[in-house]
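Below: one structure, written as structure tokens.
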Amino acid sequence: MATAVTERLRNYLEAFHALGAEERRQPAWLRALRERAFARFCETGFPTTKDEDWRFTNVNAIARTPFQPARDARRSGAIYGDTLEACRIPGASCQLVFLNGRFAPELSDLGSLPQGVRAGSLAETIAQHGESLEAHLGRYVNIDRDAFCALNTAFIEDGAYVYLPRRTVLEAPICFLFISIPGDDPEMTHPRSLIVAEDATEASIVEDYVSLGSGVFFSNAVTELVAGEDAVISHYLIEREDRQAFNVSTLRTQQARSANVSSHSVLLGGGLVRNNVHPVLGGEGGECLINGLFIGNGSQHMDNYMLVEHASPHCSSRQFYNGILDGHSHGVFHGRIIVHKDAQKTDAKQTNRNLLLSDDAQIDTKPQLEIYADDVKCTHGATIGQVEENALFYMRSRGIDETSARSLLLLAFANECLDRMKCRPVREYLQDLVQGWLPGTSTAAGTDAARGGEVARRWEEVG
Amino acid sequence: MSILEVKDLHANIHNHEILKGVDLTVNPGEVHSIMGPNGSGKSTLAQVLARRESYEVTRGQVLLNGKDLLAMKPEEAACEGLFMAFQYPVEIPGISNAYFLRAAVNAIRKYRGEEELDAMDFLPLLKEKMRLLEMDEHFLSRPVNEGFSGGEKKRNEIVQMAVLEPRMAILDETDSGLDIDALKIVAKGVNAMRSADRAILVVTHYQRLLNYIVPDYVHVLVDGRIVKSGGPELALELEEKGYVGWAEPGSAAAD
């Protein structure tokens with residue numbers, strides 16, 4: 001296998017061997033899976049823009065940086081109180097904290113979850129009940145198709161694990177907080193999470209990626225979410241890492257009959273960000289909502305890639321993505337829908353709306369529908385525009401100053417996405433977060449101070 | 001002092017002269033109507049007064065409460081007490097009617113050094129004005145004008161006017177597209193606002209609205225100039241005879 005590794009991937013080879021030596025505790029099936037994934041990664045290497053799925057995103061900067069496995073930051077003795085406080089979603093049922101990809105129990109708040117529910121570290125679960133994961137871990141992501149998924153799978157070590165027994169209903173969200181702490185040299189983590197929701201469960205899960213400090217860092221995350229029959233699960237991803245961070249994430253969901261899964265992605269931070277959402281509607285009557293908001297500035301690159309697979313009849317999917325791009329930022333919306341041969345009565349809809357705030361901002365939006373069934377309804381639409389001058393004048397003519405009016409219009413545009421979030425604590429947390437991040441504040445650092453009184457007020461609906 | 005004083009106002013859009021020397025004085029307590037055929041410059045006059053930036057003022061002066069209106073931004077004019085009900089109210093998805101209006105009220109209050117209103121103080125005020133305009137409470141949480149019918153949009157404009165309590169209100173063809181019932185509701189809302197220290201300028205093509213909002217003065221605007229002024233009877237005369245004889249043949253349509 002090693003012979004196939006080019007000089008360029010040497011750092012990965014060394015890291016893989018180092019991890020292999022440490023991870024003797026992993027069960028044989030997992031070691032085999034990781035070996036296979038690494039072999040696959042070495043075979044393909046990183047994708048290029050010649051690859052249709054990567055046409056608009058050049059990952060050369062990732063490929064040529066010799067990332068090393070991130071240090072175990074849990075031993076640094078640093079204090080994370082402020083960061084943790086700022087990233088805590090009020091009303092969450094528990095918060096699992098990961099430092100450089102590793103579970104940090106002393107920083108986590110495990111709350112009190114109902115009997116039978118598990119929420120904790122994947123590494124611990126592998127060590128203690130490894131056999132219980134075999135049915136799901138690595139069964140859904142396609143390591144042959146996606147080099148980043150292969151790379152992540154090769155480096156499975158830690159991440160979050162959630163198990164919801166049949167009929168569990170959790171009103172308060174479960175939160176994973178992944179804190180990356182850049183060092184002097186470029187480092188990488190491959191957080192791997194697994195969420196298994198049995199039949200008739202209901203829960204919200206939040207994955208939040210933040211940086212502590214500034215520097216080059218590569219987070220390559222994969223989450224597999226298995227939703228049983230009639231399960232209603234919502235997943236939230238928040239990317240707000242440092243501008244020098246690379247973040248590639250994949251959410252792969254597998255839905256059984258009548259399961260209802262929603263994925264909400266909010267991309268704010270990071271330098272080069274790619275978010276893959278790949279639901280497979282594998283049972284009749286399934287529903288999925290893929291909702292996203294991306295706000296780019298400076299030279300940020302944000303690529304939203306969706307692959308919705310309708311594999312069963314009578315399923316519906318909805319994709320709604322709104323992008324706000326300023327500066328030289330570059331956004332991508334690539335919405336691929338595959339309707340398999342037997343997936344009759346599929347109802348799929350896709351909408352991407354974008355606001356470009358500067359002449360240098362750029363958006364590539366690409367619908368891609370592949371329909372092999374003959375009785376389906378699939379629609380797609382995309383718009384690209386600027387802040388509406390008429391609306392701006394209308395608001396100003398009512399006394400609202402131009403800066404505030406502009407911010408309000410952006411906030412309204414962002415709220416189209418946030419309003420689709422059913423989990424109230426998460427929605428409200430994100431409304432505050434996004435408001436602080438919108439252009440109008442030149443630093444976009446999440447502070448309210450720079451903005452006018454009315455705009456800085458909490459967004460709310462009256463009546 | 002007059003609330004509004006327009007002197008020799010000339011304005012262009014895309015280098016095309018629309019207003020060619022308008023003179024108009026509006027005093028507190030008065031209701032004026034500007035009537036004129038299509039393309040006469042009625043809407044341009046309203047837009048210039050509301051400070052829409054796409055119009056270029058080339059000559060003349062406008063004073064609002066003695067202050068130079070033409071030096072003001074749209075939001076400053078609003079804070080100084082000017083209000084225009086739009087001919088085509090704009091839809092703003094994602095912002096609720098109630099939130100929008102409270103933001104407006106508070107922007108104006110802040111400008112005047114008054115304390116801002118919180119939602120609890122503001123809501124009863126807004127509900128009262130909505131009842132006057134016979135608008136259901138569900139419009140509070142609806143996005144501004146989105147999905148409203150034509151009549152609902154126009155009524156919503158008058159709700160805004162009632163809440164913002166301007167000193168100088170301009171209605172830009174508020175009657176266009178309204179059925180008689182909606183017209184009566186709008187007129188009722190406007191008439192409730194008539195007061196000794198407020199002035200209203202009704203810009204309209206038809207006399208119909210003036211049956212319900214009876215003006216003190218009527219001005220006929222033709223080809224960018226006021227060609228005749230008189231009392232409410234002038235509106236009836238125009239209704240009977242039309243603008244024939246006023247409009248110069250071949251004058252370009254501009255509104």
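Restricting attention to the range A:376-400, the residues that are over 30 Å from the mean Cα position of the chain (by Cα) and either in a strand (DSSP E or B) or facing chain B (nearest Cβ under 7 Å) (or both) total 9. The C-beta contact set for the range B:183-202 (first residue assigned to a strand (DSSP E or B), second residue basic (Lys, Arg) and surrounded by fewer than 21 Cβ atoms within 10 Å (Cβ to Cβ), distance under 9 angstrom, 6+ apart or interchain) comprises B:ALA199/B:ARG167; B:ILE200/B:ARG194.
Among the numbered conditions (1) within 10 Å of chain A (Cβ to nearest Cβ); (2) in contact (Cβ under 8 Å) with a residue 60 or more places away in the chain; (3) over 15 Å from A:TYR394 (Cα atoms), the only one that B:GLU116 does not meet is (2). Close contacts from the range B:230-251, counting a first residue that is under 11 Å from B:LEU210 (Cβ atoms) and a second that is at pLDDT below 90 and small (Gly, Ala, Ser), with Cβ to Cβ under 7 Å and a gap of 6+ residues or different chains, come to none at all.
What is the residue count in the range A:401-439 for residues that are part of a loop (DSSP other than H, G, I, E, B) and open to solvent by less than 40 Å² (accessible area, probe 1.4 Å)?
Residues in the range A:401-439 being part of a loop (DSSP other than H, G, I, E, B) and open to solvent by less than 40 Å² (accessible area, probe 1.4 Å): 4 in total.
Filtering the range B:125-145 to residues that are within 11 Å of chain A (Cβ to nearest Cβ) and not hydrophobic (A, V, I, L, M, F, W, C) leaves B:LYS127, B:GLU137, B:HIS138, B:SER141, B:ARG142, B:PRO143, B:ASN145.
Number of residues in the range A:36-78 that are open to solvent by 10 Å² or more (accessible area, probe 1.4 Å), among the hydroxyl-bearing types (Ser, Thr, Tyr), assigned to a loop (DSSP other than H, G, I, E, B) and closer than 26 Å to A:ASP185 by Cβ: the value is 3. Inclusion of A:GLY138 among residues that are open to solvent by less than 40 Å² (accessible area, probe 1.4 Å) and not in a loop (DSSP other than H, G, I, E, B) is not warranted. Just name the residue that is nearest to A:ASP326 (Cα to Cα) out of those in the range A:356-368 that are part of a strand (DSSP E or B) and open to solvent by less than 60 Å² (accessible area, probe 1.4 Å). Here the residue is A:LEU356. Would you check if B:ASP8 is within 19 Å of B:PRO215 (Cβ to Cβ), touching a Gly at 6+ places or on another chain (Cβ under 9 Å), part of a strand (DSSP E or B) and open to solvent by 20 Å² or more (accessible area, probe 1.4 Å)? Criteria not met by B:ASP8. Of all the numbered requirements in (1) away from every other protein chain (no Cβ under 14 Å); (2) open to solvent by less than 40 Å² (accessible area, probe 1.4 Å), B:LYS67 misses one, and that requirement is (2). Checked against (1) open to solvent by 60 Å² or more (accessible area, probe 1.4 Å); (2) part of a strand (DSSP E or B), A:GLY331 passes all but condition (1).
Residue count for the range A:277-294 satisfying the condition of being within 14 Å of the chain's Cα centre (by Cα) and open to solvent by less than 10 Å² (accessible area, probe 1.4 Å): 7.
This table checks each residue for (1) within 14 Å of chain A (Cβ to nearest Cβ); (2) among the β-branched types (Val, Ile, Thr); (3) under 29 Å from B:ALA187 (Cα atoms); (4) outside any loop (DSSP other than H, G, I, E, B).
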| site | (1), (2), (3), (4) |
| --- | --- |
| B:GLY39 | no, no, yes, no |
| B:ALA46 | yes, no, yes, yes |
| B:ARG59 | no, no, no, yes |
| B:VAL62 | no, yes, yes, yes |
| B:ALA77 | yes, no, yes, yes |
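Contact map, the range A:406-434: residues that are under 16 Å from B:VAL144 (Cβ atoms) and in contact (Cβ under 8 Å) with a residue 40 or more places away in the chain paired with residues that are of a type outside the set (D, E, K, R) and open to solvent by 40 Å² or more (accessible area, probe 1.4 Å), Cβ distance under 6 Å, separation 6+ or inter-chain. Pairs shown: A:SER407/A:GLY440.
Out of all the residues in the range B:121-132, is one or more open to solvent by 40 Å² or more (accessible area, probe 1.4 Å), of a type in the set (A, V, I, L, M, F, W, C) and part of a helix (DSSP H, G or I)? There is at least one residue in the range B:121-132 that is open to solvent by 40 Å² or more (accessible area, probe 1.4 Å), of a type in the set (A, V, I, L, M, F, W, C) and part of a helix (DSSP H, G or I).
Here is a list: A:LEU151, A:LEU164, A:LEU177. Which entry is in contact with a Cys (Cβ under 7 Å, 6 or more places away or on another chain) and of a type outside the set (Ser, Thr, Tyr)? Walk me through how you get there before you give the answer.
Numbers: A:LEU151 fails: in contact with a Cys (Cβ under 7 Å, 6 or more places away or on another chain); A:LEU164 fails: in contact with a Cys (Cβ under 7 Å, 6 or more places away or on another chain).
From the options A:LEU151, A:LEU164, A:LEU177, the qualifying one is A:LEU177.
Among the residues here, B:VAL214 qualifies as surrounded by fewer than 20 Cβ atoms within 10 Å (Cβ to Cβ) and either of a type in the set (S, T, N, Q) or under 24 Å from B:ILE3 (Cβ atoms) (or both). The criterion of at least 3 residues that are touching a residue at least 24 places away in the same chain (Cβ under 8 Å) and more than 16 Å from A:ASN352 (Cβ to Cβ) is met by the following strands (runs of 3 or more DSSP E) wholly inside the range A:259-305: A:260-267, A:272-281.
Exactly one residue out of B:ALA85, B:ALA107, B:ALA98 is farther than 21 Å from B:ASP8 by Cα, touching a Leu at 6+ places or on another chain (Cβ under 6 Å), facing another protein chain (nearest Cβ under 7 Å) and in contact (Cβ under 8 Å) with a residue 24 or more places away in the chain: that is B:ALA98.
Among the residues of the range A:306-328, those that are more than 23 Å from A:LEU268 (Cα to Cα) and not in a strand (DSSP E or B) comprise A:ALA311, A:SER312, A:PRO313, A:HIS314, A:CYS315.
Scanning the range B:11-37 for residues that are aliphatic (A, V, I, L, M) and under 20 Å from B:PRO215 (Cα atoms) turns up B:VAL22, B:LEU24, B:VAL26, B:VAL31, B:ILE34, B:MET35.
I'd like to check something: does the range B:143-150 contain any residue that is under 19 Å from B:ASN27 (Cα atoms), touching a residue at least 24 places away in the same chain (Cβ under 8 Å), assigned to a helix (DSSP H, G or I) and open to solvent by 10 Å² or more (accessible area, probe 1.4 Å)? No, the range B:143-150 contains no residue that is under 19 Å from B:ASN27 (Cα atoms), touching a residue at least 24 places away in the same chain (Cβ under 8 Å), assigned to a helix (DSSP H, G or I) and open to solvent by 10 Å² or more (accessible area, probe 1.4 Å).
Here B:LEU209 clears all of (1) more than 14 Å from chain A (Cβ to nearest Cβ); (2) closer than 29 Å to B:LEU69 by Cα; (3) open to solvent by less than 40 Å² (accessible area, probe 1.4 Å); (4) not in a helix (DSSP H, G or I) except the condition numbered (4).
All of A:ARG318, A:ARG398, A:ARG353 fail the test of being touching a strand residue (DSSP E or B) at 6+ places or on another chain (Cβ under 6 Å), surrounded by 19 or more Cβ atoms within 10 Å (Cβ to Cβ) and basic (Lys, Arg), apart from A:ARG353. Within the range B:125-180, the only residue that satisfies the criterion of being within 30 Å of B:GLY66 (Cβ to Cβ), of a type in the set (S, T, N, Q) and touching a strand residue (DSSP E or B) at 6+ places or on another chain (Cβ under 6 Å) is B:THR174.
The values are calculated or read from the model by the stated rules, or taken from the named source; none is laboratory data. If you're wondering where the values come from, they're calculated on a predicted model, not measured in any experiment. Counting neighbours? That spans all protein chains shown, and the Cβs are built from the backbone with ideal geometry, glycine included. Please note that ligands, DNA and RNA were not included when accessible areas were found on the heavy atoms of the full protein model with its side chains. Shrake-Rupley method; radii C 1.70, N 1.55, O 1.52, S 1.80 Å.
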